[in-house]
Amino acid sequence: MDDPSEKTAIVILGMHRSGTSSIAGTLVKLGGTAPKSLMPANEANQLGYFESIPIMELNDEILASATSSWHDWRAFDPAWYNTKYYDIFREKAKTTIVAEFGDSDLIVVKDPRICRVAPFWFDTLKAAGYRSRVVMPLRSPLEVATSLQTAYGFDLATGMLMWLRHTLDAETESRSFPRAVVYWPDFLSDWRAAIARLRERFDVTWPNAVDAPHVEVDQFLTPSLRHFAQAEHEFATHPDVNEWVQLAYEAMFTLARDPCSRIPLITLDQVKGEFDNGSTIFSRVLFATQAHIAKLEADAAAARIERDAMALERDRLAAEIERDRARFDALALSQAVLLGQLGSARDRAKRRMGDAQPTTYRCTHSFEDVNERLRVPSRARNRNRQKGSISLDREISAAIKSPGAEAMMCDKATAAFDDQLQTIQASGESIRRNIVRLQAMLTADREAAKADRIGEQTAAPSIHAREADNGD
């Protein structure tokens, strides 16, 4: 008997793409508490999932600890409940429940993965002070498999085996709890009637009255939610629908109509036993093959990545080669320009050297003429000085002999000496000017020749350096 102080957890148990989100969303709009960390809507489910991201992640960890996954259609290993993981994950789950729902009296817990580990969550919710009430949406397995194929890429046969595993495990583990199998097309067409039956079976009161005009729910639940609709006769004759799937679906449909019937339970037990045995026998081979296929796919993906990387490297090298080619062409052009400049510089140097030869010749002869001119006056002056000296001696002697003429002779000698001195000075100034002019001419020619040599020396290393760069 339920403890009156217990809170209520409406647990939605159903395979992915079987209508779990629309039922959970409706219960939330009627006043049930949704988790705080909601999975966001996306193209695959535009109205939202109404499930907790932390709970989903925790379920993935639980399945992984038992070497399973949400798309594994093998039976969950019951020995896991006797391992250390059970206690570790139950404490984490209790903490997650409190974090996601606080102290709400009516919560909506939904994650299709719970179907695989339902006993774990029933125990955890009870430890957290909740009584569990189970809603199991029922949708055609062919529609579910088709939706899974579109959303996740599973083939139809695999999608139906996944539906079978989730459905059988959820049905078996929820038998001891108040529950309701809800045929999803009926729920879409008349959600009020379905919710009224849930209220009666679960002994719960929805915070928002069902008989009120719930425009929001009416807008939320539309026939357009049922994608990939299949007629019943198509399901019965489809080649990918195996006998186990068909029997389980028919039994669940009977439970949706008559929850107290025992006959469907017998059928479901039989199907589950055969499915579990068959999974044990064939799953090892099949999963080994799938693992091999997964490895091949991973290798192919790695090869594609490597191919793409090589293509990028090829493009990079091609671009680098193109840049090097352009740089080489530019260097070749620069080399040609420099060679032309060097040739022009050499030609100018040769011309200047040729032009300088007559000037040099003239300067040389000019120096010789100057020297000769300097030597001739010098010899003449020497002779004149000798003559003057002899004459002066004579005059001095005469003056000595004739004291009256002494002053006259001195004046005459002084004047003659001054004339000779002025002549010598004028000749020296003319010679100096000629020397300065010749030196200026030689300096100009030497500077021009030096500039040409420097130009040649500067141009040559640049050309050699560029040729060396091209060689690298």
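Would a scan of region 116-137 turn up a residue that is of a type outside the set (A, V, I, L, M, F, W, C) and within 17 Å of Gly19 (Cβ to Cβ)? Yes: region 116-137 contains one or more residues that are of a type outside the set (A, V, I, L, M, F, W, C) and within 17 Å of Gly19 (Cβ to Cβ).
Every residue, every condition in (1) farther than 20 Å from Ile12 by Cβ; (2) touching a residue at least 60 places away in the same chain (Cβ under 8 Å); (3) acidic (Asp, Glu), yes or no:
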residue: Arg90; (1), (2), (3): yes, no, no
residue: Thr96; (1), (2), (3): no, no, no
residue: Ser132; (1), (2), (3): no, yes, no
residue: Met136; (1), (2), (3): no, yes, no
residue: Val144; (1), (2), (3): no, yes, no
residue: Ser147; (1), (2), (3): no, yes, no
residue: Gly159; (1), (2), (3): no, no, no
residue: Met162; (1), (2), (3): no, yes, no
residue: Glu171; (1), (2), (3): no, yes, yes
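Every residue in region 129-152 that is crowded, with 18+ Cβ neighbours inside 10 Å and assigned to a loop (DSSP other than H, G, I, E, B), please. Those that are crowded, with 18+ Cβ neighbours inside 10 Å and assigned to a loop (DSSP other than H, G, I, E, B): Arg139, Ser140. When residues in region 33-50 are screened for being at pLDDT 95 or above, surrounded by 18 or more Cβ atoms within 10 Å (Cβ to Cβ) and not hydroxyl-bearing (Ser, Thr, Tyr), 2 of them pass.
Modelled with pLDDT of 90 or more, of a type in the set (Val, Ile, Thr), farther than 30 Å from Glu91 by Cα and in contact with a Phe, Trp or Tyr (Cβ under 7 Å, 6 or more places away or on another chain) - does that describe any residue in region 129-137?
Checked against the condition, which is being modelled with pLDDT of 90 or more, of a type in the set (Val, Ile, Thr), farther than 30 Å from Glu91 by Cα and in contact with a Phe, Trp or Tyr (Cβ under 7 Å, 6 or more places away or on another chain), region 129-137 yields no hits at all.
Spot the failing condition for Glu171; the list is (1) surrounded by 14 or more Cβ atoms within 10 Å (Cβ to Cβ); (2) touching a strand residue (DSSP E or B) at 6+ places or on another chain (Cβ under 9 Å); (3) within 20 Å of Leu221 (Cβ to Cβ), and only one is missed. The single condition Glu171 does not satisfy is (3). Mind checking which pairs have a first residue in region 227-248 that is at pLDDT below 85 and a second that is outside any loop (DSSP other than H, G, I, E, B) and aliphatic (A, V, I, L, M), Cβ under 8 Å, 6 or more apart or different chains? Short answer, once both residue conditions are applied: Gln230/Leu142; Glu234/Leu142; Phe235/Leu142. Is at least one residue of region 16-23 assigned by TED's automatic domain parsing to the domain that holds Val217 and over 30 Å from Asp155 (Cα atoms)? So far as region 16-23 goes, no, none of its residues is assigned by TED's automatic domain parsing to the domain that holds Val217 and over 30 Å from Asp155 (Cα atoms). Which is assigned to a helix (DSSP H, G or I) and more than 40 Å from the chain's Cα centre (by Cα), of Ala79, Ala93? After applying the criteria, what remains is Ala79.
The values are calculated or read from the model by the stated rules, or taken from the named source; none is laboratory data. Small disclaimer: the values here were computed from a predicted structure and weren't measured. Neighbour counts are summed over all protein chains in view; Cβ atoms, including those assigned to glycine, are modelled from backbone coordinates with ideal geometry.
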